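Here's the structure, in structure tokens; my notes come after.
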Amino acid sequence: MKKLLSLLLTLSLCGFAAAAESKSDVQKRLDNAATVLQEITAAPDKGIPEDVLNGAKCVAIVPHMVKAGFGIGGQHGKGVATCKNTQGWSAPSFFTISGGSFGLQIGAEGVDLVMLVMNEKGMQALLSDKFQIGGDASAAAGPVGRDAGASTNWKLQSELLTWSRSKGLFAGVDLNGVSVTQNTADTMTLYGAPHSFRSILDGNVPVPAAAEPFVRTVAKYFHEAKENTESH
């Protein structure tokens with residue numbers, strides 16, 4: 001019975017998020033994702049270690065993931081991802097993230113999520129349009145703090161490092177079992193064409209004007225992390 005209720009909750013969340021959105025909604029998601037990145041990098045002692053930022057191949061942000069449940073939890077959110085290529089950072093690709101979990105939480109909670117793809121295997125999983133965290137790509141809760149990377153180098157063997165922020169608290173989070181799927185509706189809204197994850201994140205699709213502020217923000221903070229690491 002619990003499994004059935006969990007499945008129904010997850011499906012209802014997925015159906016709600018699958019609805020087509022306007023271009024202004026998609027723009028707002030891009031802006032919110034940029035804001036999340038700005039805020040978590042503003043305090044390096046409580047954010048992602050610089051050496052971890054510097055080693056990332058892709059970054060994916062869900063600016064307001066919904067966790068809801070009445071004894072049985074479900075979670076769903078819409079996010080945006082970009083990857084490094086020979087020209088810099090790619091145009092953004094949109095995705096949904098969803099999964100059910102058993103828990104005691106009551107009501108709903110908005111959570112910001114940040115995922116970094118750390119190696120080629122993780123990048124190939126992301127490019128596949130649909131994958132499961134912990135199944136198709138290994139994942140670990142990401143380290144936090146300026147010096148946290150040195151003491152947790154073993155985690156860098158994971159394809160993905162993941163964090164969450166809720167009520168001002170930023171910490172590594174376990175997202176194993178959660179599914180990531182391309183959001184084709186948002187892709188059509190922004191690009192006017194059903195580009196695949198691979199074509200967008202490989203750099204084969206130009207960055208649209210609406211996405212330039214987000215891509216510039218990613219380039220700025222990851223570039224600064226690299227410069228700070230090299231100066232130490």
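Every number in this text was worked out from the coordinates using simple rules, so none of it is lab data. All figures in this text were calculated on a predicted structure; none of them were measured in a lab. Every residue, glycine as well, gets a Cβ built from its backbone with ideal geometry; the counts of neighbours run over all protein chains shown.
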> Can you pick out the pairs among 121/167; 130/167; 46/78; 28/167 whose Cα atoms lie more than 27 Å from each other?
Replying inline: 121/167; 130/167
>> Run the simple label-point estimate for residue 25 and residue 86 please: 7 Å along Cα→C-beta, distance reported in nm.
In response: 3.8
> In what sequence, highest mean first, do 171-178, 91-98, 195-202 appear when ranked by Cβ atoms within 10 angstrom?
Replying inline: 91-98, 195-202, 171-178
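Which FRET efficiency value, to the nearest 0.05, is calculated for residue 176 and residue 39 with the Förster distance at 22 angstrom and r the Cβ-Cβ distance? Display every interim value, and only then the final one.
Numbers: r = 26 Å, r/R0 = 1.17.
Approximately 0.30, to the nearest 0.05.
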